[in-house]
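Before any comments, here is the structure.
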Amino acid sequence: MNISTGSKNFIGINGLGRIGKLVLWHELIHRDFDGAIINVGREVGKNMEDLIHVMETDSTYGSVSRFIHGVGGPQKHFSILDRKNGLLEFDGFPVKILRNYRNPAQIEWKEHAVRIVVDCTGRFTDPTAPADKEGGSLRGHLEAGAEMVLLSAPFKIKDKAKKMPDDSIMMVYGINHLDFNPEKHRIISAASCTTTGLAHMLWPLLQREETAQILTASMSTVHAATNTQNVLDALPKAAATDLRKNRSVFNNIILSTTGAAKALEKIMPQIEEIGFMADSVRIPTNTVSLIILNVTFNTRMDKKSEPVINKSFLNNVYIEAATGQQKDLLVFSEKQSVSADLMGFPAAVVIEGHETHTRTGFISLPEAAMASLGVTVNKDLHLPVTHAKIFGWYDNEYGSYVTSLGKLVNHLDKH
């Protein structure tokens, strides 16, 4: 039985790791496509039942049936329709498993009429790499017959002398997804989980006159563990510069880095004008992370000599965003949440309004200092600035990232 016959529309998924499996689960819920073609590129376990076990269970979110239907809901399972050809079904949703090739250029996308492939392997991130690159590349998916490939990670161009190809773009749904040009773009990056949450935190601030004048900004993400970390301490590779990456994720709070700020510049070019810094603190939890955004605004005082930008003002900015353009993508909450409360929550970011803080001070500009810059003033200047600390939760696996990625895939498919 070939599920790709007729005029049906199937999504391709390359890789069945953390994100690949959750992209499948997202499709099992939303049914934006008629089925899924999943490439794992090798045998898994001893038989098809072992692969199904991996697809149905998850240490973070529980079983797929409970995740979709709830504890008291119907118990659904994958059934095998054709063992030899890897054809499965879940509650009427067909899934075909491809096990022959790991190089994207060799995967049978054309044979199965797959138009859009979501590459979730994390191995192929350079949009400039040619289709015939040894070991594979994103462009290999196009060579294999796909019309478009969506990367579930930020682009990483290894040769710094090369620029972003014209057919490639990095997007976050709800921020710049309308920049998609179907006649031009064929390789799309869905950025990262942190970039997705951060973009939705900054976007409403840049849309308001009062908060658009950002002097400087920084963020720290208190980030759940990922598969890039070690379960136990391990020996670093030769020439390693960060010895902390090899320390046990179970036992430590680990200072790390994040490319969220650089990726954000590709999503929101106006960020390049701001001195933006970003870092990551890895903690031993399985999912849900927290962005701590620090922003300093050029502000003004009202008639009562009170700063215009304060906690109430900022929270109202997010309340308006949550009911307007970013509805269902940004959520405002004044609940005193902990990370477990946000597991699986389907929003790009949840603003923890209870913890928004601001403080206003003054920058002194002496008359003499101004004169040295060629600016004539008659007295020392004291300019008001407001520093704000804003907290945003995001489920870095399913709730925030995969949900946003799924919406982006659906948008690309329809346009």
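Would you mind stating whether residue 81 is under 30 Å from residue 132 (Cα atoms) and surrounded by 12 or more Cβ atoms within 10 Å (Cβ to Cβ)? Talk me through it step by step, then tell me what you get.
On the way: under 30 Å from residue 132 (Cα atoms): no; surrounded by 12 or more Cβ atoms within 10 Å (Cβ to Cβ): yes.
Here the answer is no, as residue 81 does not meet what is asked.
One line per residue, one yes/no per condition, for (1) touching a Lys or Arg at 6+ places or on another chain (Cβ under 7 Å); (2) within 23 Å of residue 410 (Cβ to Cβ):
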residue	(1), (2)
42	yes, no
66	no, no
75	no, no
81	no, no
87	yes, no
94	no, yes
- Quick one: is residue 311 surrounded by fewer than 16 Cβ atoms within 10 Å (Cβ to Cβ) and not hydrophobic (A, V, I, L, M, F, W, C)? no
- Query: Listed residues 340, 321; which is assigned by TED's automatic domain parsing to the domain that holds residue 198, under 22 Å from residue 401 (Cβ atoms) and out of contact with any Pro (no Cβ under 6 Å at 6 or more places or on another chain)?
  - Reply: 340
- Note on the structure: For region 385-403, pairs from a residue that is under 15 Å from residue 340 (Cβ atoms) and assigned by TED's automatic domain parsing to the domain that holds residue 349 to a residue that is of a type outside the set (Ser, Thr, Tyr) and part of a strand (DSSP E or B), with Cβ under 6 Å and 6 or more apart or across chains, are 393/290; 393/350; 394/349
- Message: Please go through (1) part of a strand (DSSP E or B); (2) crowded, with 19+ Cβ neighbours inside 10 Å; (3) among the small types (Gly, Ala, Ser) for residue 136 and return the number of the only condition it doesn't satisfy.
- Response: (1)
- Query: Does residue 368 satisfy the condition of being outside the structural domain of residue 16 (by TED's automatic domain parsing) and part of a helix (DSSP H, G or I)?
  - Reply: yes
- Take region 344-363 and flag every residue that is touching a Ser or Thr at 6+ places or on another chain (Cβ under 6 Å) and in contact (Cβ under 8 Å) with a residue 60 or more places away in the chain. 348, 360
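For every residue, the table says whether it meets (1) touching a helix residue (DSSP H, G or I) at 6+ places or on another chain (Cβ under 8 Å); (2) of a type in the set (A, V, I, L, M); (3) touching a residue at least 24 places away in the same chain (Cβ under 8 Å).
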site: 110; (1), (2), (3): no, no, yes
site: 135; (1), (2), (3): no, no, yes
site: 138; (1), (2), (3): yes, yes, yes
site: 152; (1), (2), (3): yes, no, yes
site: 168; (1), (2), (3): no, no, yes
site: 179; (1), (2), (3): no, no, no
site: 197; (1), (2), (3): yes, no, yes
- Message: Looking at region 269-280, I want the residues that are in contact (Cβ under 8 Å) with a residue 24 or more places away in the chain and have a partner that is in a helix (DSSP H, G or I) with Cβ atoms under 6 Å, at least 6 apart or on another chain. Which pairs are those?
- Response: 271/264; 271/265; 276/261; 278/260; 278/261
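Return yes when residue 331 is without any contact (Cβ under 8 Å) to a residue 24 or more places away in the chain, touching a strand residue (DSSP E or B) at 6+ places or on another chain (Cβ under 8 Å), within 28 Å of residue 25 (Cα to Cα) and part of a strand (DSSP E or B) and no when it is not.
yes
Each row is one residue, and each column tells you yes or no for (1) under 29 Å from residue 179 (Cα atoms); (2) modelled with pLDDT under 95; (3) in contact with a strand residue (DSSP E or B) (Cβ under 7 Å, 6 or more places away or on another chain).
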{"position": "224", "(1), (2), (3)": "no, no, yes"}
{"position": "247", "(1), (2), (3)": "no, no, yes"}
{"position": "262", "(1), (2), (3)": "yes, yes, no"}
{"position": "269", "(1), (2), (3)": "yes, yes, no"}
{"position": "277", "(1), (2), (3)": "yes, yes, yes"}
{"position": "299", "(1), (2), (3)": "no, yes, yes"}
{"position": "303", "(1), (2), (3)": "no, yes, no"}
{"position": "314", "(1), (2), (3)": "yes, no, yes"}
{"position": "319", "(1), (2), (3)": "yes, no, yes"}
- Task: Of the numbered conditions (1) over 20 Å from the mean Cα position of the chain (by Cα); (2) at pLDDT 95 or above, residue 201 fails exactly one; give the number of that condition.
- Result: (1)
- Message: Which residue is nearest to residue 314 (Cα to Cα), if the candidates are limited to region 207-234 and must be in contact with an Asp or Glu (Cβ under 9 Å, 6 or more places away or on another chain), not in a loop (DSSP other than H, G, I, E, B) and not hydroxyl-bearing (Ser, Thr, Tyr)?
- Response: 214
- Query: Inside region 302-328, can you point out the residues that are part of a loop (DSSP other than H, G, I, E, B) and of a type in the set (Gly, Ala, Ser)?
  - Reply: 305, 324
- Give the residue that is nearest to the chain's Cα centre (by Cα), with candidates limited to residues of region 171-197 that are in a loop (DSSP other than H, G, I, E, B) and charged (D, E, K, R). 186
- Task: Scan 104, 154 and give me the residue that is buried (at least 19 other Cβ atoms within 10 Å of the Cβ), closer than 26 Å to residue 262 by Cα and either outside the structural domain of residue 329 (by TED's automatic domain parsing) or among the basic types (Lys, Arg) (or both).
- Result: 154
- Do we find that residue 171 is touching a His at 6+ places or on another chain (Cβ under 9 Å) and under 30 Å from residue 87 (Cβ atoms) in this structure? no
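Among the listed residues 12, 17, 35, 45, identify the single one that is out of contact with any Cys (no Cβ under 8 Å at 6 or more places or on another chain), of a type in the set (Gly, Ala, Ser) and surrounded by fewer than 21 Cβ atoms within 10 Å (Cβ to Cβ). Quick ask: steps written out before the conclusion?
Working: 12 fails: surrounded by fewer than 21 Cβ atoms within 10 Å (Cβ to Cβ); 17 fails: out of contact with any Cys (no Cβ under 8 Å at 6 or more places or on another chain); 35 fails: surrounded by fewer than 21 Cβ atoms within 10 Å (Cβ to Cβ).
The conditions single out 45.
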- Output the residues belonging to region 235-271 that are part of a helix (DSSP H, G or I) and under 18 Å from residue 156 (Cα atoms). 260, 261, 262, 263, 264, 265, 266, 267, 269
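The values are calculated or read from the model by the stated rules, or taken from the named source; none is laboratory data. Computed from a prediction, not measured in an experiment: that's the story for all the values here. Neighbour counts run over all protein chains shown; Cβ positions are idealised from the backbone, glycine included.
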